[in-house]
Amino acid sequence: MDFSDTIGVSAAGMNAQSSRLRIAAENLANKETTGTTHGSDPYRRKTITFKEELNRQTGVSSVKVKEIGQDQTPFEQRYDPAHPAADAKGYVKMPNVSSMVEIMDTHEAQHSYEANLNTMQITRSMLTRTINLMK
């Protein structure tokens, strides 16, 4: 593996973690987004999964976003008969988003992003030193 491969792997990791942060932010932003009509469903939490991708030319593996899906856990219900999305019994379906889960996911993605950034910076430093030695 050469320096450009290492930087490419780190960049792919940073890109994947950026997507993960975006999904967590979207989930948090929609934590209270309910349906707008009688009995309608609220915002459904999004999930993200990754896959390993092999570059056959270089033999180097990196990470890519495999899928952005939806969490199928059931919605909680809150009693609010005045809400436009309330059912006949006065209950409103609430999004299946947990702030704690999203915050933890955000912290984990941030740490992974920083690790990839550090790897990229170290690789760049090594490359600079190698060029300086060749002068």
* Answer with yes or no whether A85 is modelled with pLDDT under 95 and either of a type outside the set (D, E, K, R) or outside any loop (DSSP other than H, G, I, E, B) (or both). => yes
* **Test result for E53, open to solvent by less than 90 Å² (accessible area, probe 1.4 Å) and acidic (D, E)** => yes
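For (1) over 18 Å from S10 (Cα atoms); (2) part of a loop (DSSP other than H, G, I, E, B), each residue gets a yes or a no:
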site	(1), (2)
R44	yes, yes
K64	no, no
G69	yes, no
V101	yes, no
T106	yes, no
Q110	no, no
N118	no, no
* Asked: Among all residue pairs at least 6 apart or on different chains, which show Cβ distances below 6 Å where the first residue, located in segment 5-16, is touching a residue at least 12 places away in the same chain (Cβ under 8 Å) and the second is small (G, A, S)?
  -> V9/S62; A12/S62
* Can you name the condition, by its number, that K31 falls short on among (1) within 30 Å of S4 (Cα to Cα); (2) within 26 Å of the chain's Cα centre (by Cα); (3) charged (D, E, K, R)? -> (1)
* Just wondering, is there one or more residues in segment 81-100 that are in contact (Cβ under 8 Å) with a residue 60 or more places away in the chain and loosely packed, with under 15 Cβ neighbours inside 10 Å? -> yes
* Asked: So is N55 at pLDDT below 95 and touching a strand residue (DSSP E or B) at 6+ places or on another chain (Cβ under 8 Å) or not?
  -> yes
* So how many residues does segment 29-49 have that are open to solvent by 70 Å² or more (accessible area, probe 1.4 Å) and either in contact (Cβ under 8 Å) with a residue 24 or more places away in the chain or among the β-branched types (V, I, T) (or both)? -> 5
* Which of (1) surrounded by 15 or more Cβ atoms within 10 Å (Cβ to Cβ); (2) under 22 Å from A109 (Cα atoms) does F75 not meet, given it meets every other one? -> (2)
* To do: Determine which member of the set M126, M120 is open to solvent by less than 50 Å² (accessible area, probe 1.4 Å), touching a helix residue (DSSP H, G or I) at 6+ places or on another chain (Cβ under 9 Å) and under 18 Å from S4 (Cα atoms).
  => M120
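The values are calculated or read from the model by the stated rules, or taken from the named source; none is laboratory data. All of these numbers come straight from a predicted model, not from anything done at the bench. We place every Cβ from the backbone using ideal geometry, glycine too, and count neighbours over all the protein chains shown. We work out accessible area using only protein heavy atoms, side chains counted, and drop any ligands, DNA or RNA first. Shrake-Rupley method; radii C 1.70, N 1.55, O 1.52, S 1.80 Å.
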